[in-house]
1. Out of all the residues in segment 25-36, is one or more in contact with a helix residue (DSSP H, G or I) (Cβ under 6 Å, 6 or more places away or on another chain) and closer than 19 Å to Arg130 by Cα?
2. When you scan segment 147-166, how many residues do you find that are under 16 Å from the mean Cα position of the chain (by Cα) and at pLDDT 80 or above?
3. Quick check on my filter: what residues within segment 114-146 are over 13 Å from the mean Cα position of the chain (by Cα) and acidic (Asp, Glu)?
4. Only one of Asp70, Asp133 is loosely packed, with under 15 Cβ neighbours inside 10 Å, modelled with pLDDT of 90 or more and not in a loop (DSSP other than H, G, I, E, B); which?
5. In segment 142-156, which residues are part of a loop (DSSP other than H, G, I, E, B), in contact with a Ser or Thr (Cβ under 9 Å, 6 or more places away or on another chain) and surrounded by fewer than 20 Cβ atoms within 10 Å (Cβ to Cβ)?
Amino acid sequence: MARVLFISEKYIKENSPVDDSVDMKIILPTVWQSQIMYIQNLLGTQLYEDLQSKIEAATIAGDDLTLVNDYVADCLLYYVVYELQVPMTFKMRNVATSTDRSDFSDPVDLLQLARVENRMKDKAEYFAKRLSDYLCANTDLFPLYLTVVDADDVIPEQGKPTVSVYLGGTDEPKCNKFLYSSE
């Protein structure tokens, strides 16, 4: 399957702090990687691939369109902005990894970069929880969400702690009603 993106360049530039002058050559690989690393893990393989094929065929509609536009897009947007911090700050060249300076701006220091990354990650995780909660509350609308066909299918993450130390227990709703299909 071709690399089908769930959000567009226009959506990224209109809904995030990413400037219009940022080259999509930097952004597109980050969108693709973020979809695989984060969105597929939230949706699970079956629902992810179903949505991807509907977007590619331009047949996405109804509940699927609502899911992508109202939940997946915001989540993916902030994971993209979170992941863009390093490639936008540092450039890999023949001689070394470097940062650019211009007459009108200076690159941020590593402490400031970490603060921006943490802020974007917090937003991404907020939207990820919102997406997971929506899917758990609407499993009847998205039966592929909890369907596992192959042993290598990604099972959707639910209630994953986002801190370094996990002390146990969670009050997050879980919808661990996975359906194993032999299709």
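1. yes
2. 3
3. Glu117, Asp133, Asp140
4. Going through Asp70, Asp133 in turn, the sole match is Asp70.
5. Val149, Asp150, Asp152, Asp153, Val154, Ile155
The values are calculated or read from the model by the stated rules, or taken from the named source; none is laboratory data. Predicted, not measured: the structure shown is a model, and the values here were computed from it. So basically every Cβ, Gly included, is an ideal-geometry build from the backbone, and we count neighbours across all protein chains shown.
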